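Before any comments, here is the structure.
The values are calculated or read from the model by the stated rules, or taken from the named source; none is laboratory data. Note that the structure is a prediction, hence the values are computed from the model and not measured. Glycine gets a Cβ as well: all are built from the backbone with ideal geometry, and neighbour counts include every protein chain shown.
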Amino acid sequence: MLQIPTCCMSIRRNQARWTRLPLLLGTLGLAATGCGETAARGDVRLTLSGGDGTQRGYADHLFQDNWSVQFSKYLVSVGDFTLTSAAGDVHASPEHVLVDVQKGDVPLSGLTGLEAGRYGVGFRVSPPEARTVAGDSVSPDDLAMMRERGFSYFVEGRAQHRDPARGLYTFHMGFPVNARMVDCINGVDGTQGLVVPEGSVAEAELTIHAEHMFYDRLGTHRGVQLRFEAIAATADANHVITPEGLASQDLLDLHGLDGGELRDAQGQPVVYQPGAYDLRTLQAFVTQSIVDQAHLNGGGVCTAAAP
């Protein structure tokens, strides 16, 4: 049975880079102090990334039901990045953007001239506002649509089963997430927040784990399986999957592509486990599963709070 590693499936490409980061920052710090001057301040460089998951998709061996998924668009509406010092001083970036992380990593506005030391990290995932700036790969129509429908995530792409006889499916799905991500753990070393080095630059990557939308349980990463069959079964006659279709799938009465009870390869009923959440439809389940998919520096988990 496939076991999903804790929040790290979509960032394998970045692991080597994050492993080298502490050594690199240490070297830069030594270089700064070796000149006989001690700098008291540093900067934070901020990036938004979807990693391999949004850019290359997920192969069928990763799914318990043998589907594969590729994205052609992955829009994220995010901003209000903050750093909070141990003394409670808050440094904030007013930037709020709508970007397409399927097209690659996106540099965001960082913070400069910060007093060196450790900071707590927070940011907000929320629908576009009047102040939201669209990235280069985002159309005015997409920006207007997400504002109107209250989506903070919108994805397009295609899915196909290992058995080609099942056909090709496309999806156009938006999710109305509005959450403040706080108390972020740093995926580099597992510590709280990040350290701004003297006279150097700290890297802060907001990493989107797109696999969350395919989870079959909530409240834990242990024993999670990726599944797509229940999502595919909501498609219309043209094999198009939409949020309205997801809302038609009852969590207590899941059906498969044939219209019958959804079962796994061993013939057992497939059960989606909502944990402590009171959810009735597959749309509500998937929306809740992606609330906390934005992490810090790869696999660093953040806590989702009220906006």
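Assorted remarks:
- Residues of region 230-271 that are closer than 23 Å to Gln288 by Cβ and charged (D, E, K, R): Glu244, Asp250, Asp253, Asp264.
- Region 157-168 residues that are of a type in the set (Asp, Glu), paired with ones that are loosely packed, with under 10 Cβ neighbours inside 10 Å and at pLDDT 95 or above (beta carbon under 6 Å, 6 or more apart): none
- Residue in region 265-272 that is of a type outside the set (Val, Ile, Thr) and within 19 Å of His212 (Cα to Cα) present: yes
- Filtered by the rule that a residue be β-branched (Val, Ile, Thr) and under 20 Å from Arg118 (Cβ atoms), region 65-104 gives Thr82, Thr84, Val90.
- Looking only at residues in region 65-99 that are part of a strand (DSSP E or B), within 23 Å of Ile185 (Cα to Cα) and of a type in the set (Ser, Thr, Tyr), the one that is nearest to the chain's Cα centre (by Cα) is Ser77.
- Odd one out for Gly157, checked against (1) modelled with pLDDT of 95 or more; (2) closer than 29 Å to Ser85 by Cα: (2)
- Of all residues making up region 137-177, the number that are crowded, with 16+ Cβ neighbours inside 10 Å, out of contact with any Leu (no Cβ under 6 Å at 6 or more places or on another chain) and over 13 Å from Lys73 (Cα atoms): 10
- Taken over region 236-260, the criterion of being within 24 Å of the chain's Cα centre (by Cα), among the aliphatic types (A, V, I, L, M) and more than 29 Å from Thr303 (Cβ to Cβ) is satisfied by Val240, Ile241.
- Per-region count, region 105-136, residues surrounded by 15 or more Cβ atoms within 10 Å (Cβ to Cβ) and either acidic (Asp, Glu) or free of Cβ contacts under 8 Å to residues at least 60 places away in the same chain (or both): 7
- Failed item in (1) under 22 Å from the mean Cα position of the chain (by Cα); (2) touching a residue at least 12 places away in the same chain (Cβ under 8 Å), with Ser139 passing the rest: (2)
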